[in-house]
Amino acid sequence: MAGRAAVPEVIWSRPERTGRGPRPAFTRADIAAAAVRIADAEGLDAVSMRRVAGELGCGTMSLYNYVPRKEDLYELMMDAVSGEHELWEPSGDWHADLVRVAHQTRALMHRHTWLPRLMSPVYGFSPNALRYLEHCLACLDPYDAPYGTKMELVAMVNGVVTTYVANEIATAERTRTLPWSEEQENATRLAYLARQVASGAYPRLAASFAEDAGPIDLEAVFERALTRVLDGFA
């Protein structure tokens, strides 16, 4: 493959474009923006070197001069959306600042619903991702703990948000494909569940539903999950 390295390398250590020829027609920001547009509109599986090249109006092989591998394209995409994080002056209340970080990350993942699929340490050290991580550590300056513990805390908060949003997105996507309404689906499933619980085969579940049979407040669940993680470290 054109431009493919024989040894491991990080795309950020490469020049913007390899090979001889005229001045580059595109920047990495242009390429990332095109890939993000495709993923936002059609999902991550629609992103390919051919599609991005078509979006930019260049040949597929020409694109390999800028981005050697599809994995590098993903890294450019991750860096582009990481740049959407708001970096504020820490308040001095690390708990409140980490909650704010979590809500912001959740909103970012809902804007780019493909993002949870790429959440990996492999893509965590691009320029914008490093700025985001440095900001999180700055928010944790008042927290008296080694940096290793602080990094674990940031990772766990991101893990809670990623898992929660991935479930939200999967539920929303499934709902869109139903041939009936979400209300009808939920009513049918709840009726089935009620019959199973009433059978006597699941006494602990029956006790649980008897204790609280109301609708689940998903926003409250999210807040509790965050609070428990943060309180555990505190």
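Once you mark the chymotrypsin sites (Phe, Trp or Tyr not before Pro) that are in a DSSP loop and have at most 15 other Cβ atoms within 10 Å, what is the longest gap between them in the chain? Intermediate results must be reported in sequence, preceding the final value.
Numbers: sites that count: Trp88, Phe125, Trp180.
Longest gap between qualifying sites, sites excluded: 1-87.
Site pair Arg69 and Ala41 shows an inter-label distance of 2.8 nm when each label is modelled 7 Å from Cα along Cα→Cβ.
Tell me the carbon and sulfur percent of the accessible area for the range 62-214, rounded to whole percent, probe radius 1.4 Å. Mind dumping the intermediate values first?
Details: 4790 of 8600 Å².
So the carbon and sulfur contribution to the accessible surface is 56 percent.
Separation between the Glu86 and Leu178 pseudo-spin-labels, each 7 Å from Cα along Cα→Cβ, expressed in nm? In this crude label model, Glu86 to Leu178 measures out at 3.3 nm.
Under the classification rounded if a/c is under 1.5, otherwise prolate if a/b is larger than b/c and oblate if not, where does the chain fall, given a ≥ b ≥ c as square roots of the Cα gyration tensor eigenvalues?
On the way: a/c = 2.98, a/b = 1.53, b/c = 1.94.
Here the chain falls in the oblate category.
Leaving out ligands and nucleic acids, and using a 1.4 Å probe, what accessible area per residue does the range 75-180 come to in Å²? Provide the component values of the computation, followed by the final result.
Numbers: 5320 Å² over 106 residues.
Accessible area per residue, the range 75-180: 50 Å².
Translational diffusion of the range 48-132 was estimated from the Stokes-Einstein equation, with Rh taken as the Kirkwood radius over Cα pairs; at 4 °C and 1.567 mPa s the coefficient is 89 µm²/s. The longest stretch of the chain left intact once loop-based trypsin sites (Lys or Arg not before Pro) with at most 16 other Cβ atoms within 10 Å are removed from consideration, loops following DSSP, is 70-234. A simple spin-label model places pseudo-atoms 7 Å from Cα toward Cβ; at Glu134 and Ala198 they are separated by 6.2 nm.
At a Förster distance of 22 Å, what's the computed FRET efficiency of Asn167 paired with Ala107, Cβ-Cβ distance as r, to 0.05?
Given R0 = 22 Å and the Cβ-Cβ separation, E is 0.90.
Looking at the square roots a ≥ b ≥ c of the eigenvalues of the Cα gyration tensor of the range 110-234, which shape do they give, rounded for a/c under 1.5, prolate if a/b is larger than b/c, or oblate? In terms of gyration-tensor shape, oblate. Note on exposure: Met49, Met61 ranked by accessible area (1.4 Å probe, complete protein assembly) read Met61, Met49, with the most exposed listed first.
The values are calculated or read from the model by the stated rules, or taken from the named source; none is laboratory data. Since the model is a prediction, treat every value here as computed from it, not as a measurement. Heads up, the Cβs are rebuilt from the backbone with ideal geometry, glycines too, and the neighbour counts pull from every protein chain shown. Surface accessibility is based on the protein's heavy atoms, side chains included, excluding ligands, DNA and RNA. Shrake-Rupley method; radii C 1.70, N 1.55, O 1.52, S 1.80 Å.
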